[in-house]
Amino acid sequence: MISLKKTKSEMKLRDTLAKEVPTLSESNYPWGLQIDLQQDSLSKLDMDVADYKVGDVLFFRVRTEVRAVSINDSYSGKSESMSLQITDMGLGED
């Protein structure tokens with residue numbers, strides 16, 4: 001698997017921007033990589049949050065559907081992005 005953790009230069013930029021924008025998240029990972037599961041999804045996955053603690057590591061498999069693909073070329077440079085909708089998920093500890 002490939003780590004999506006921010007590089008040291010990305011974290012340095014984040015820290016610089018955080019001084020200007022106090023609400024900027026201090027996560028070590030880019031925006032959009034955190035998944036929040038609410039009670040209805042937890043129930044479908046047969047998960048009880050009482051069985052877990054902060055820092056536990058879980059592995060999951062997902063089925064996604066590509067919802068959008070974007071290639072943008074502007075004065076500030078070229079950027080590419082993709083929007084994925086998770087449609088099915090399985091969680092486990094191994």
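The values are calculated or read from the model by the stated rules, or taken from the named source; none is laboratory data. Not measured: the values here are computed from a predicted model. Cβ coordinates were reconstructed from backbone atoms using ideal geometry, including for glycine residues, and neighbour counts include every protein chain displayed.
At-a-glance table
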item	result
In the stretch 67-86, the residues that are farther than 18 Å from Trp31 by Cα and part of a strand (DSSP E or B)	Ile71, Asn72, Asp73, Ser74, Gly77, Lys78
Within the stretch 41-64, tally of residues that are among the polar types (S, T, N, Q) and part of a strand (DSSP E or B)	1
Some residue of the stretch 21-34 being exposed (fewer than 11 other Cβ atoms within 10 Å of the Cβ), β-branched (Val, Ile, Thr) and modelled with pLDDT of 80 or more	no
Close pairs (6 angstrom Cβ cut-off, 6 or more residues apart or separate chains): touching a residue at least 24 places away in the same chain (Cβ under 8 Å) in the stretch 31-44, among the aliphatic types (A, V, I, L, M) anywhere	Leu33/Leu4
Leading residue by the ranking (surrounded by the most Cβ atoms within 10 Å (Cβ to Cβ)) among those in the stretch 51-73 that are of a type in the set (Lys, Arg) and in contact (Cβ under 8 Å) with a residue 12 or more places away in the chain	Arg63
Tally of residues being under 16 Å from the mean Cα position of the chain (by Cα) and surrounded by fewer than 10 Cβ atoms within 10 Å (Cβ to Cβ) across the stretch 74-87	1
